[in-house]
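Below is one structure, written out as structure tokens, with a few remarks after it.
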Amino acid sequence: MRTKRVLLAAAASVVAFALTGCGGGGDEGAQIPTAGDASTSGTSGGASAGTGTGTATGGNGSGKDEVAVYVEGRRAWVKCLRENGIDAPDPDANGQVELGDAGALKKNPTFIKASQKCAPLSPPVPKEIERRLAPKLTPEQIRTQFAYASCMQKNGAPDFPDPEPDGNVYGDVQWDSTTAAAKQAARACAPIIGDPVEQGPGKG
């Protein structure tokens, strides 16, 4: 069964639902990681590296402890990039690293090779960081998020996640988007988020 990991976000006045494919791992070489996935980039015009698929180094302590462990892991990742030819800056307090133009990096063989080698050092983004970087939704956008989730659940996708009170969804939330009923629900509920296409909320 194919499932999807959900991160809900809003862009401008249109509520957009951004999903990342679940399954973990995979080749990071040709990808430019973005902070908290598509919904949490805090920069414009640059590639802010905020995610990784490496081995987790924490997760059993408080949110603060998880953040400290995460930032330390990001520092190790940056050190590795530097040792492999990439002039990466230090991570900020949230572990985010501004690497510059994503398009140029995707074509840079040195970066591709370095990112492949260093990917295991970059820890998964903890939920606390997701919360910090999540977009601040307006009351109307939050209502839209809840209305969309409710519509999906009532029209064939009962496992579609409920947003938290701030309108966002955090962590590894799984739902099956591949069933005929789920696809039908996505079509039926698309007008709620202003999406006219026949697809679920985002890409996987």
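Values quoted throughout were computed directly from the atomic coordinates according to the rules given, and no laboratory measurement underlies them. Please read these numbers as outputs of a predicted model, since none were measured by experiment. A quick note on method: Cβ atoms are made from the backbone with ideal geometry, for glycine too, and the neighbour counts reach across all protein chains shown.
Tabulated values for the structure
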{"read-out": "Selected residue (criterion: farthest from Ala76 (Cα to Cα)) from residues of segment 108-122 that are polar (S, T, N, Q) and out of contact with any helix residue (DSSP H, G or I) (no Cβ under 8 Å at 6 or more places or on another chain)", "value": "Asn108"}
{"read-out": "Segments classed as helices (runs of 4 or more DSSP H), wholly inside segment 102-204, with at least 1 members that are touching a strand residue (DSSP E or B) at 6+ places or on another chain (Cβ under 7 Å)", "value": "139-154, 180-189"}
{"read-out": "Filtered residue count, segment 64-101, keeping only those that are part of a helix (DSSP H, G or I), within 21 Å of Arg132 (Cβ to Cβ) and either aliphatic (A, V, I, L, M) or in contact with a Cys (Cβ under 9 Å, 6 or more places away or on another chain) (or both)", "value": "7"}
{"read-out": "Test: residue in segment 157-178 that is out of contact with any helix residue (DSSP H, G or I) (no Cβ under 7 Å at 6 or more places or on another chain), of a type in the set (Phe, Trp, Tyr) and in contact (Cβ under 8 Å) with a residue 24 or more places away in the chain", "value": "yes"}
{"read-out": "Some residue of segment 116-124 being in contact with a Gly (Cβ under 7 Å, 6 or more places away or on another chain), surrounded by fewer than 17 Cβ atoms within 10 Å (Cβ to Cβ) and touching a residue at least 40 places away in the same chain (Cβ under 8 Å)", "value": "yes"}
